[in-house]
Amino acid sequence: MRHPSSIALIAILCLLSLIPPARGEALDQARDRFVHGEYESSATFFEKHLQSSQPTSAAYYGLAQALHKSGKEAEAALAYRRSLLLDPSLVPAAEALREINAQLGVSSPLPQWQTRWAGKVPSDPSVLAGCFLFWLGAFFLLAAFAFSKKRTVLASVGCSLLLLGLASCLLALCTDPRIVDARQAMVMNPEGTSLYKVPSEDSAEKITALGQGSVVEVLSARGRWFHIKLPGGQRGWSLQDGITPLIPEA
């Protein structure tokens with residue numbers, strides 16, 4: 001008969017095996033599998049990490065690389081785009097995305113000024129700096145009422161800091177890809193999808209075909225249809241099936 005302590009130890013080990021891995025463990029597993037060339041398994045662990053932890057640009061970039069190595073170009077392109085949403089300055093992701101777009105036959109338009117600005121000046125630090133300047137300006141304005149001799153100078157400095165802080169925050173919000181590209185989506189269906197004049201699959205209403213990897217802007221939804229806008233400005237309706245938003249649903 002086994003010793004009671006041995007039975008207790010076995011029971012504890014069994015219970016521990018049921019506990020889900022720590023958040024960092026999935027990421028470590030993903031990187032380890034990638035190094036050993038197990039790309040599909042690596043992608044699975046990257047996805048587990050992203051589902052259980054705060055998404056980061058590095059994690060999406062790792063997922064994209066694993067998917068790219070696995071031959072899943074469209075899924076890799078989506079992950080690269082999500083990585084760039086969180087860090088527009090990640091040049092390797094942008095270069096890899098252009099390479100995949102060429103393979104998928106999708107054009108890679110030049111980045112807009114908002115994207116170029118966000119790539120040079122990160123949004124989050126800009127907002128923090130803007131808030132600091134705003135409250136510093138508010139402090140100077142309060143000080144202007146307390147010191148009558150220097151009221152004009154203090155008020156001028158305070159107003160300048162307030163305006164500078166507001167401008168910094170507004171510019172950061174206007175160039176943040178998480179806001180600017182919040183409505184973008186990507187065609188993931190291998191057969192692509194079609195754009196119609198009205199929400200109907202009538203071939204007479206068809207405008208054009210959209211290939212896998214195409215990026216569109218979702219304007220609204222109606223039933224199983226999306227009202228979308230193409231990069232060139234053309235608008236129409238497309239079935240929701242096979243179109244995935246760049247920002248994952250919570």
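We did not get these values from a lab; they are worked out from the coordinates using the rules stated. Computed from a predicted model, the values in this text were never measured in an experiment. Virtual Cβ from ideal backbone geometry, glycine too; neighbours counted across all protein chains shown.
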For this session: Kindly indicate whether Ser194 is touching a Lys or Arg at 6+ places or on another chain (Cβ under 7 Å) and touching a residue at least 24 places away in the same chain (Cβ under 8 Å).
Result: yes
Exercise. What helices (runs of 4 or more DSSP H), lying completely within segment 41-109, carry at least 1 residues that are more than 17 Å from the chain's Cα centre (by Cα) and among the aliphatic types (A, V, I, L, M)?
Worked result: 57-69, 91-104
For this session: Those residues that are among the hydrophobic types (A, V, I, L, M, F, W, C) and without any contact (Cβ under 8 Å) to a residue 24 or more places away in the chain, I need them from segment 197-250; list them, please.
Result: Ala204, Ala209, Ala221, Ala250
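Of the residues that make up segment 138-151, is at least one outside any helix (DSSP H, G or I) and not small (Gly, Ala, Ser)?
Keep residues of segment 138-151 that are outside any helix (DSSP H, G or I), which gives 147.
Right, trim to not small (Gly, Ala, Ser) and you get 147.
Yes, there is a match, as at least one residue in segment 138-151 is outside any helix (DSSP H, G or I) and not small (Gly, Ala, Ser).
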Problem set entry | For Glu217: the one exception among (1) over 23 Å from the mean Cα position of the chain (by Cα); (2) under 24 Å from Ala74 (Cα atoms); (3) surrounded by 15 or more Cβ atoms within 10 Å (Cβ to Cβ) | (1)
Exercise. Do we find a residue being out of contact with any helix residue (DSSP H, G or I) (no Cβ under 7 Å at 6 or more places or on another chain) and under 30 Å from Ser220 (Cβ atoms) anywhere in segment 122-133?
Worked result: yes
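Consider Leu163 carefully, then state whether it is loosely packed, with under 15 Cβ neighbours inside 10 Å, free of Cβ contacts under 8 Å to residues at least 60 places away in the same chain and over 27 Å from Ser108 (Cβ atoms).
Details: loosely packed, with under 15 Cβ neighbours inside 10 Å: yes; free of Cβ contacts under 8 Å to residues at least 60 places away in the same chain: yes; over 27 Å from Ser108 (Cβ atoms): yes.
The answer is yes for Leu163.
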Exercise. If Ile228 passes every condition in (1) in contact with an Asp or Glu (Cβ under 9 Å, 6 or more places away or on another chain); (2) part of a loop (DSSP other than H, G, I, E, B) but one, which one does it miss?
Worked result: (2)
Exercise. List, please: which pairs have Cβ atoms under 8 Å, are six or more places apart or on different chains, and start with a residue in segment 85-103 that is within 11 Å of Ala64 (Cβ to Cβ) and end with one that is outside any loop (DSSP other than H, G, I, E, B) and of a type in the set (D, E, K, R)?
Worked result: Leu97/Arg81; Ile100/Glu73
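Look at segment 55-88 and say how many of its residues are in contact with a Ser or Thr (Cβ under 7 Å, 6 or more places away or on another chain) and hydrophobic (A, V, I, L, M, F, W, C). Spell out the reasoning first.
We begin by selecting, within segment 55-88, every residue in contact with a Ser or Thr (Cβ under 7 Å, 6 or more places away or on another chain); these are 57, 60-61, 64, 66, 78, 83, 86-88.
Adding the requirement that they be hydrophobic (A, V, I, L, M, F, W, C) leaves 64, 66, 78, 86.
Qualifying residue count, segment 55-88: 4.
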